[in-house]
Ligand code: PDD
């Protein structure tokens, strides 16, 4: 496996960072996950835009232009074996003596990128759906920044795993749904797809955008609005989306069936349209 670190490509075993890297010490950095289909980085411009938003959010200068990112990313894709990959891109504020405040003058950021095979959910999981648990969203108020400081998300996701489930659905202020620990969540009620609005309390998912575009293009009724906690527990269907999971049905919540307890008609429709879109668009652009 070939990775990229600070200007060089190397086997992962040779990639080293100093212990004083602020990513290691403070979680002071941001990241991106970019799916690659047939060696095409999917929605690269949108991922780089979200990266810029995250960098702006932590006041870190972007170390590369769009063209530079594209060339590093394409070389990393070429140096790895699989046709379908997912890229992990990680930037920290760099290596400095431990002090919470930013190094002054600014130092070289650390830039790391790796590629892994993209393993989308197997047929059995698509057929059964996955379980989820709910939990209070106890994260900070800048969840729109794709920060590498993921301890809350790690603890929240582990709650799902401890319950034999795949994801944790997050409820803010005991009142409304934000997203999953590492995914966006959609609610289906009366054949309408409901999505929470993008704001500082959730990560603006690239897959979330794709699903809403697919819904709009195919005449699927959909609404973007605040989703009450009660609507999550009263849903006909629940769906989760992310770059690596694509779209998956959530068939149990806190141990109780969601709707019929089986993946529903909206899931079937969106999953098929997503696969069509992947074949016709993602593998070519
Ligand atoms: N996570 N919300 C959170 C908190 C996430 O971590 C993710 C993705 C998403 C979905 O975003 P997208 O559709 O752009 O993948 C929403 C990635 C996959 C991860 O951390 O591995």
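Just so you know, all these numbers are worked out from the coordinates, no wet-lab data involved. Values in this document were obtained by computation on a predicted structure and should not be read as measured data. Using ideal geometry, Cβ is built from the backbone for each residue, glycine included, and neighbour counts are taken over all protein chains shown.
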A correct Kirkwood calculation over the Cα atoms of segment 123-284 returns a hydrodynamic radius in Å of 15.7 Å
Acute angle (nearest 10 degrees) that the helix 151-162 long axis makes with the longest principal axis of the chain, alpha-carbon atoms: 40 degrees
Take every Cα-Cα pair in the chain and report what % of them are more than 27 Å apart. 43 percent
Just 249, 123, 149 to compare: in a GNM of the chain, with alpha carbon springs under 10 Å, which one fluctuates most? 123
Of 241, 207, how do they rank once you tally other Cβ atoms within 10 Å and put the fewest first? 207, 241
Per the helix-only calculation at 222 nm, which mean residue ellipticity applies to the chain, given -39500 (n - 2.57) for every DSSP H run of n ≥ 4 and division by its residues, nearest 500 deg cm²/dmol? -8500 deg cm²/dmol
Rounded to the nearest 10, the angle in degrees between the Cα long axis of helix 206-217 and the longest principal axis of the Cα atoms of the chain comes to 40 degrees
Given the options 21, 84, 99, state which has the largest fluctuation in a GNM of the chain using a 10 Å cut-off (strictly under) for Cα springs. 99
With each label point set 7 Å from Cα along the Cα-Cβ vector, what nm distance links residue 83 and residue 141? 4.9 nm
Could you tell me the calculated FRET efficiency between residue 154 and residue 283, based on Cβ-Cβ distance and R0 = 35 angstrom, to the nearest 0.05? 0.60
Pseudo-spin-label distance residue 116 to residue 230, built 7 Å along Cα→Cβ, given in nm, is 4.0 nm
Given the options 175, 195, 166, state which has the largest fluctuation in a GNM of the chain using a 10 Å cut-off (strictly under) for Cα springs. 175
If you average the C-alpha positions of segment 37-101 and of segment 253-285 separately, how far apart do those two centres end up, in angstrom? 28 Å
I'd like the orientation of helix 66-79 relative to the chain: the angle between its Cα long axis and the longest Cα principal axis, in ° from 0 to 90, rounded to 10. 80 degrees
Going fewest to most other Cβ atoms within 10 Å around each Cβ, 93, 16 line up as 16, 93
For segment 83-185, what is the convex hull volume of the alpha-carbon atoms per residue, in Å³? 148 Å³
Could you work out how far apart the two model spin labels at residue 127 and residue 254 are, taking each label as a point 7 Å from the Cα in the direction of the beta carbon, and quote it in nm? 3.1 nm
Given a Förster distance of 51 Å, the FRET efficiency implied by the Cβ-Cβ spacing of residue 209 and residue 97, rounded to the nearest 0.05, works out to 0.80
Would you work out the Kirkwood radius for segment 2-117? I mean one over the mean of 1/r across all pairs of different Cα atoms, in Å. 14.7 Å
